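The values are calculated or read from the model by the stated rules, or taken from the named source; none is laboratory data. None of the values given here were measured: they were computed from a predicted structure. Ideal geometry is used to build each Cβ from the backbone, glycine not excepted, and the neighbour counts take in all protein chains shown. Quick note on the areas: whole protein, heavy atoms, side chains included, nothing else; ligands and nucleic acids left out. Shrake-Rupley method; radii C 1.70, N 1.55, O 1.52, S 1.80 Å.
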Amino acid sequence: AQRVRPGPCGDFTDLPPLASAAAARMPFKQLLADAGYDSEANHRHCREGLGVDSLIPAKKRRSARVVATTPLRQEMVRRLGKPGVEADRVAYRQRWKVETVMSVVKRRHGEALTARIDPTQRLQALLRGLTYNLQRLVRLSAPG
């Protein structure tokens, strides 16, 4: 599942619809996301709405000392902080794969969009994601 929006903006509200769309196509047991998706609502959606474990590091808000005040965000501090739960910390380190995919897409298809108007830019960005997925499917199904 993917979503395209112009300009820099907070992505944390995108997690529930994208995770739900992805789970409808291919069920999964655990969701890994960076701290940009940190919110109690996102953890609740994953756990209660989708029935999957969420590993999203709690990021500091206003206070330098208090990182998380809500139950599921506090759980993330315990599981992913130091010393944390080693199995969860190891699982979370698999996020590098997502960063690699983003790097490959930018390297193969360019970092900048060539389209000039917003609807065409959105379509171009979505097509880049689709093209990457199709290339991966062809590569994975090719013999030898």
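Some notes on this structure:
- Here the chain is treated with +1 on each Lys and Arg Cβ and -1 on each Asp and Glu Cβ, and its dipole about the Cα centre works out to around 320 debye.
- Gyration tensor verdict on the chain (Cα atoms; rounded if a/c is under 1.5, prolate if a/b is larger than b/c, oblate otherwise): prolate
- Rounded if a/c under 1.5, otherwise prolate or oblate - the range 1-84, Cα gyration tensor axes: oblate
- Packing-based order for 31-43, 131-143, 72-84, using average beta carbon neighbours within 10 Å, highest first: 31-43, 72-84, 131-143
- FRET efficiency estimate (nearest 0.05) - Cβ-Cβ, R5 to V104, R0 22 angstrom: 0.55
- Per-atom-type breakdown for the range 105-144 gives carbon and sulfur 59% of the accessible area (1.4 Å probe, protein chains only).
- Within the accessible surface of the range 26-103, defined with a 1.4 Å probe on protein heavy atoms only, the carbon and sulfur portion equals 59 percent.
- What the chain shows is 69 Å² of accessible area per residue, with the surface traced by a 1.4 Å probe over protein heavy atoms.
- Cα shape, the range 89-144, gyration tensor, a/c 1.5 rule: oblate
- Computed about the Cα centre, the dipole magnitude for the range 97-144 is approximately 120 debye when only Lys and Arg (+1) and Asp and Glu (-1) carry charge, each at its Cβ.
- If you take the Cα centroid of the range 97-144 and the Cα centroid of the range 31-58, the two points sit 26 Å apart.
- Structural descriptor for the range 17-144: relative contact order 15 percent, calculated from alpha carbon pairs under 8 angstrom and at least 6 residues apart.
- Dividing the helix sum by the residues of the chain, where each DSSP H run of 4 or more adds -39500 (n - 2.57), gives a mean residue ellipticity at 222 nm of -15000 deg cm²/dmol.
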